[in-house]
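Presented below is the structure to which this report refers.
The values are calculated or read from the model by the stated rules, or taken from the named source; none is laboratory data. It should be emphasised that the depicted structure is a prediction, and the values quoted were computed from it without experimental measurement. With ideal geometry, Cβ positions are generated from the backbone for all residues, glycine too; neighbour counts draw on all protein chains shown. Side chains are part of the model used for accessible areas, which takes the heavy atoms of the whole protein and leaves out ligands, DNA and RNA. Shrake-Rupley method; radii C 1.70, N 1.55, O 1.52, S 1.80 Å.
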Amino acid sequence: MRKLHFLSILIVFSALLSAEQAAPASSREVRARRSEEIICIDGLLSETVWQGAGAGDFIQRNPLDGKPATERTEVWVAYDDKAVYVAARLYDAEPGKIVSLLGRRDDELDSDWFSFAVDPYFDRRSGFQFSVNPAGSIIDMTLYNDEWNDYTWDGIWEGAARIDGQGWTVEMRIPYDQLRFPAKDEYLWGINFKRVIQRKNEQDYFAWVPKEENGFVSRFASLTGIRGIHPGRHLEAIPYALGKLAFSPSEEGNPFRTGSDLSASVGLYLKFGLSSNLTLDLSLNPDFGQVEVDPAEINLSVFETYYSEKRPFFIEGANIFSFGYGGANSNWGFNWMNPEFFYSRRVGQPPQGSVDSEGFFRCPEMTTILGAAKLSGKIAGNWNIGFLNAVTAREYATVDNAGSRSSQEIEPFSDYNVLRAQKEFNQGRQGLGFIATGVFRDLSERSLQVILGKQALALGADGWLQLGKTREWALTGWLGATHVTGSRDYIFDLQKSSLHYFQRPDADHLTLDPEATSLSGWAGRLALNKQKGNLTFNAALGVLSPGFEANDLGYQWRSDYINSHLACGYNWLHPGKVFRSASLTAALARGWDFGGNAIMKNYHLFINGEFLNYWGAAVSLGYMDASFDKEATRGGPLLRLSPGYSISLDAYSDSRKPLVLSLYGYASQRKDGSYDYGIGPQLRWKPRSNISLTLHPEVEFYATYRQWVANVNDGSHAATYGSRYIFAHLNEKLLSAEIRLNWIFSPKISLQVFLQPLIAVGKYAEFKELARPASNSYNFYGGNGSTIIRSGEGYTIDPDGSGPAPEFTIADPDFNFKSLRGTVVFRWEYRPGSTLYFVWTQNRQDYANPGEFNFSRDFGDLVSAKGDNIFMLKATYRFNL
C-alpha cells in the first residue's frame with residue numbers, strides 16, 4: 001500500500017511538470033491621488049481629494065458568485081508624505097438595516113464591513129488588510145502564502161465610519177511606517193477592496209476571484225500614482241509598568257504560603273525600522289505573562305498537551321516562523337501533525353528542575369526572560385527573513401528547613417535562537433526556505449544535567465512548486481534534522497522517553513545505547529494538493545525517524561512514524577435547489593513504524609453542506625481497521641487494537657440572527673467494547689450591538705478496556721519480555737463548559753469575562769496484564785490463581801498465587817478532578833498603541849471522592865474549594881520617535 005500511494009503521487013506529478021505555466025493577471029487599476037490638504041479621519045469624506053468619481057463595480061463572491069453587487073460601492077485612494085488614505089462610500093437602499101456591532105480589535109463580528117487589502121512589496125504573495133465596520137470596530141491582519149492571513153499583527157492606524165441616509169462611509173489613514181516596502185521613485189502596489197453586507201450574507205470584491213479559482217493576493221488589482229515619498233526609519237518605544245497582587249490559601253507553618261504576595265516590575269519594548277522593509281523588535285525585562293489562563297483538561301495519554309501562545313511579543317508576526325506549509329492553500333493530515341521547529345511556549349516555561357528537600361520551598365512560576373530580540377522583514381534578493389533570540393535567567397527555588405534558608409538551582413541560564421528565511425520565485429510559483437534553531441544551556445548543576453540537554457540544534461529546508469497553466473496543483477515538501485547533546489544519563493532517559501521508547505523489547509529496528517551522549521534524527525514530508533476547481537485531491541507521505549527530537553525549542557508529538565494518505569472529493573460551489581454549497585470527500589490513511597508494523601489503517605468519508613437558509617452541517621464517518629499501538633505499553637511491546645468506527649456531526653444556525661446555535665457531537669467504538677461519546681452544544685447570544693454571551697457546555701463519556709496503569713519488572717515473566725504491563729477498564733465522565741462575555745463600550749474600551757468549570761471523574765476496574773506481545777489478550781487479576789486485594793490507597797497483586805512470581809503493589813489510579821478557571825479583563829486603548837489593562841484571574845481545584853461521580857456534590861465541592869485570586873494592573877505608553 002505504501003508503494004501504491006507513492007506511485008500515484010509520482011504519476012500525477014510527472015504529468016504536471018510538462019504543463020505550460022501562465023501567471024494569472026488582473027487588469028483592474030486604481031490610481032492614487034496626492035492630497036494637498038490635511039485629511040481628517042472622521043468618516044465625513046469632506047476633503048477635496050474624495051470628490052469626483054471613485055472606483056467601483058464590485059462583484060459578488062457570496063451568495064451569487066460572479067454577479068454584480070446588489071449595492072453600489074465607490075472607493076478612493078490618496079496619499080501624502082506620511083501615509084496612504086482610503087475612503088469609501090457604501091450605498092445602501094435600506095440604511096436602517098445596516099448591521100453595526102461593537103467589538104474588540106480583531107473580533108470578526110457578524111456585521112457589515114469594509115476592507116482594504118494592499119501588497120506594498122508587489123510580490124503577489126503577501127500584504128496587509130485593514131477593516132472597519134459601521135460602528136468603528138477594526139480588524140487588521142497580515143496576508144501571506146497568497147491566501148492565508150494572520151490576525152496577531154496589530155498596526156498603528158486610524159479608521160472611522162458613519163451611517164447616513166445614503167448608506168455608510170469609511171475613512172482610513174495608514175502610515176507608511178506600518179507598511180514594509182522598498183524605497184522607489186514611483187510605486188506599483190497590489191490592491192483589493194471587500195465589502196460585507198451582513199443581512200444578505202453578501203461578500204463583494206473589487207478584484208474578484210471565482211470560487212473555482214485559487215489565489216487572493218496574486219489576483220489583486222494594481223495601485224499606481226504614488227510617487228515622491230520618502231518614508232523614514234521608524235522608531236517607537238513602549239515602556240510598561242506592572243503591579244500584581246496574588247491571594248492564595250495560607251498553609252500553617254509554611255513561610256511561603258502566607259495568603260498574599262505583592263510584586264511589581266517595569267520594562268521597555270522598542271521597535272526600530274532598520275530600513276523601510278526590515279524591523280527590529282527589542283524587549284528589555286519583558287513582561288511575557290499571558291492575560292487569559294490556559295484551559296484545564298485531563299490528559300491520560302503519552303502525548304504532551306499543546307497550548308496556544310497568548311503572549312503578545314511571540315504571537316505578533318508568528319507566521320514569519322511558519323515552516324513546511326507554504327505554496328499550498330490546503331494542508332491535510334490524518335493522525336499526523338507536522339513538528340513545529342519553533343514552539344514559542346518553550347521560552348519562559350516553568351522551571352524544569354525539582355527540589356530535593358523535606359522542608360517548605362517556593363519556586364518561580366515561570367522562567368524569567370532577561371531580554372528578547374526579533375528581526376523580521378525582507379532583505380536583498382527578495383528573501384523573507386525572521387530571527388529571534390531570547391535569553392532566560394538561571395532560576396532558584398528558595399528552601400526553608402526549620403527556619404534555615406537555602407536555594408537550589410532548578411533552571412539553567414539558557415539561550416534560545418531561531419532563524420527563518422524564505423525566498424519566492426516567479427511571482428510565488430516556486431519557493432525555497434530554511435529554518436535553524438538552537439538551544440544552549442549552562443548546566444553547572446549536576447541535578448539539571450540529568451534532566452536537560454546541554455545543546456539542541458535543528459535544521460530544516462522547505463519549498464514548493466505550483467504547477468499547471470493556472471497554478472492548479474501545488475507540490476510542497478520539507479526535510480529536517482535534529483541533534484541533541486547532553487550527559488549519558490540525560491540521553492539514556494531521552495531514548496526511553498514517551499517520544500522515543502527505544503527500550504521496546506519487540507522493536508528490532510531500535511537500539512538503546514546507555515553510553516550515548518547525543519541523539520540525532522531526521523524527518524520530512526511530501527504533499528500534493530489540487531488548488532482549485534470542483535474536484536479536490538490531496539496526498540501526502542510523511543516520515544519521523546526514531547531519533548528525531550525537536551522538543552527543546554519545538555513541539556513534536558511522535559517519532560518512529562511513517563504516515564500517508566490519499567483524499568479525493570467534489571465541491572458544489574454554487575447554490576442549487578436545496579444547498580447553497582456542499583462537498584463530499586473520501587480518504588484513506590495508513591501509518592507504520594520503522595519496523596513495518598501497521599500503526600493506522602483508517603477510512604474516512606466527509607459530507608458538508610450549507611442550506612439555502614444559511615443553516616449548515618458537517619458529517620464525518622470513519623472506519624478504523626485493526627492495527628497496533630506502539631505507545632500503549634509505555635515502552636513495552638506492541639498492543640493490538642481491534643477494529644472500530646467513528647461518526648461526528650457539526651451543525652450550525654444562521655449567524656445573522658441574535659441567537660446562534662451550533663452543535664457538535666461524536667461517537668466512536670471498537671470491537672472490544674471501548675467507546676467515546678460526547679456532545680457539545682454552543683449558544684451565542686447578541687442581545688445588544690455591544691454585548692455578546694457565549695455558552696459552550698460539553699459532556700463526554702469515555703470507556704476503554706486497555707487503559708495503561710503501570711509497568712512492573714518481573715524477570716520470571718518471559719511471555720512479555722520480563723515485565724508485566726498492567727491495564728484496567730477505565731470509565732470516565734467529563735463535564736465542562738466555556739462561558740465568555742464580551743461587553744464593548746467603544747472600539748477601544750472593552751470588558752471580557754472567561755469562565756471554565758470542569759469535572760472529570762475516572763473509575764478503574766478489572767485490573768489485568770498483557771498476556772502476549774502484539775495481542776489484545778490479557779490475564780485478569782483475581783482469576784486463574786492470581787489475587788488482587790485492596791490495601792490502603794492501592795492494590796496488592798499476586799500474579800500467580802502460589803507460584804514463584806513476587807507480589808507487587810500499585811497505587812489506586814481513580815480520580816475526581818474538579819477545576820474552575822476564569823479571567824476578567826478590562827482593556828482601554830487610551831491612545832494609539834498605548835493600553836491600560838486590569839485583570840482578575842481565579843483558579844481553584846478539588847480532588848475529593850476519587851472515582852465517585854455525583855454532580856451536585858462535586859459541583860458543591862468545586863464552588864466551596866479554596867482558590868488563588870490574582871489581580872494585575874498593567875499600563876503601556878507608546879512614544880513614536
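A search for C-beta distances below 7 Å between a residue of the stretch 453-467 that is of a type in the set (A, V, I, L, M, F, W, C) and any residue that is open to solvent by 20 Å² or more (accessible area, probe 1.4 Å) and in a loop (DSSP other than H, G, I, E, B), counting only pairs 6+ apart in sequence or on different chains, returns Leu467/Ala19. Restricted to strands (runs of 3 or more DSSP E) entirely inside the stretch 805-881, those with at least 1 residues that are open to solvent by less than 50 Å² (accessible area, probe 1.4 Å) and within 30 Å of Tyr781 (Cβ to Cβ) are 808-811, 815-831. Taken residue by residue, the stretch 577-594 has at least one member that is within 30 Å of Gln455 (Cβ to Cβ) and open to solvent by 40 Å² or more (accessible area, probe 1.4 Å). Scanning the stretch 124-161 for residues that are modelled with pLDDT of 95 or more and in a loop (DSSP other than H, G, I, E, B) turns up Asn133, Pro134, Ala135, Gly136, Ser137, Trp157. Among the residues of the stretch 409-433, the ones that are without any contact (Cβ under 8 Å) to a residue 60 or more places away in the chain, surrounded by 22 or more Cβ atoms within 10 Å (Cβ to Cβ) and aliphatic (A, V, I, L, M) come to 1 in all. Which of (1) open to solvent by 70 Å² or more (accessible area, probe 1.4 Å); (2) assigned to a loop (DSSP other than H, G, I, E, B); (3) within 30 Å of Asn742 (Cβ to Cβ); (4) not hydroxyl-bearing (Ser, Thr, Tyr) is the odd one out, the single condition Asp654 does not satisfy? Asp654 satisfies all of (1) open to solvent by 70 Å² or more (accessible area, probe 1.4 Å); (2) assigned to a loop (DSSP other than H, G, I, E, B); (3) within 30 Å of Asn742 (Cβ to Cβ); (4) not hydroxyl-bearing (Ser, Thr, Tyr) except (1). Among residues of the stretch 217-230 being over 35 Å from the mean Cα position of the chain (by Cα) and not hydrophobic (A, V, I, L, M, F, W, C), the one that is least open to solvent (accessible area, probe 1.4 Å) is Gly225. If you go through the stretch 210-269, how many residues are closer than 29 Å to Arg844 by Cβ and in a loop (DSSP other than H, G, I, E, B)? The number of residues fulfilling the criteria is 12. One residue stands out among those in the stretch 678-721 that are over 13 Å from Ser736 (Cβ atoms) and among the small types (Gly, Ala, Ser): the one that is farthest from the chain's Cα centre (by Cα), which is Ser716.
Cβ-Cβ distances below 9 Å connect the following pairs, each with a first residue in the stretch 226-249 that is within 17 Å of Ile174 (Cα to Cα) and at pLDDT below 90, a second residue that is open to solvent by less than 30 Å² (accessible area, probe 1.4 Å) and part of a loop (DSSP other than H, G, I, E, B), and a separation of six or more residues or different chains: Pro231/Leu179; Pro231/Phe181. In the list Arg173, Arg180, which residue meets the criterion of being in a loop (DSSP other than H, G, I, E, B) and open to solvent by 30 Å² or more (accessible area, probe 1.4 Å)? Step by step, each of Arg173, Arg180 is checked, and only Arg180 is in a loop (DSSP other than H, G, I, E, B) and open to solvent by 30 Å² or more (accessible area, probe 1.4 Å).
Just to be sure before I move on: is Phe342 under 30 Å from Arg125 (Cα atoms) and crowded, with 18+ Cβ neighbours inside 10 Å in the structure I sent? So Phe342 fits the description; yes. Of everything in the stretch 84-104 that is open to solvent by 40 Å² or more (accessible area, probe 1.4 Å) and out of contact with any helix residue (DSSP H, G or I) (no Cβ under 9 Å at 6 or more places or on another chain), the residue that is nearest to Leu45 (Cα to Cα) is Tyr91. The residues in the stretch 743-786 that are farther than 28 Å from Val709 by Cβ, open to solvent by 40 Å² or more (accessible area, probe 1.4 Å) and in a strand (DSSP E or B) can be counted, and the count is 7. Cβ separations smaller than 7 Å between residues 6+ apart or across chains give the following pairs from the stretch 638-655 residues that are farther than 21 Å from Ala771 by Cβ and at pLDDT below 95 to residues that are in a loop (DSSP other than H, G, I, E, B) and not hydrophobic (A, V, I, L, M, F, W, C): Ser655/Asp110.
Determine whether the stretch 198-209 contains at least one residue that is among the basic types (Lys, Arg), outside any loop (DSSP other than H, G, I, E, B) and open to solvent by less than 10 Å² (accessible area, probe 1.4 Å). Looking for residues that are among the basic types (Lys, Arg), outside any loop (DSSP other than H, G, I, E, B) and open to solvent by less than 10 Å² (accessible area, probe 1.4 Å), one finds none in the stretch 198-209, hence no. Is it true that some residue in the stretch 72-83 is more than 29 Å from Lys200 (Cα to Cα), aromatic (Phe, Trp, Tyr), at pLDDT below 95 and surrounded by 15 or more Cβ atoms within 10 Å (Cβ to Cβ)? Within the stretch 72-83, none of the residues are more than 29 Å from Lys200 (Cα to Cα), aromatic (Phe, Trp, Tyr), at pLDDT below 95 and surrounded by 15 or more Cβ atoms within 10 Å (Cβ to Cβ). Looking only at the stretch 491-527, residues that are open to solvent by 50 Å² or more (accessible area, probe 1.4 Å), of a type in the set (A, V, I, L, M, F, W, C) and under 33 Å from the mean Cα position of the chain (by Cα) come to 3 in all. A single member of Gly386, Gly326 is small (Gly, Ala, Ser), within 28 Å of the chain's Cα centre (by Cα), in a strand (DSSP E or B) and buried (at least 16 other Cβ atoms within 10 Å of the Cβ), and it is Gly386.
Within the stretch 183-195, the set of residues being part of a strand (DSSP E or B) and surrounded by fewer than 21 Cβ atoms within 10 Å (Cβ to Cβ) comprises Glu186, Tyr187, Leu188, Lys194.
For beta carbons closer than 7 Å, sequence separation of 6+ or different chains, a first residue in the stretch 598-613 that is within 18 Å of Met624 (Cα to Cα) and at pLDDT 95 or above and a second that is of a type in the set (Lys, Arg) and assigned to a strand (DSSP E or B), the qualifying pairs are Met600/Arg590; Lys601/Arg590.
Residue check: is Val355 buried (at least 16 other Cβ atoms within 10 Å of the Cβ), out of contact with any Pro (no Cβ under 8 Å at 6 or more places or on another chain) and over 27 Å from Pro339 (Cβ atoms)? Here the answer is yes, as Val355 does meet what is asked.
Among Ala436, Ala402, which is the only one that is open to solvent by 20 Å² or more (accessible area, probe 1.4 Å), of a type in the set (Gly, Ala, Ser) and under 24 Å from the mean Cα position of the chain (by Cα)?
Exactly one of Ala436, Ala402 is open to solvent by 20 Å² or more (accessible area, probe 1.4 Å), of a type in the set (Gly, Ala, Ser) and under 24 Å from the mean Cα position of the chain (by Cα), namely Ala436.
Find the residue count for the stretch 204-219, including only residues that are among the charged types (D, E, K, R) and within 22 Å of Phe114 (Cβ to Cβ). The number of residues fulfilling the criteria is 3.
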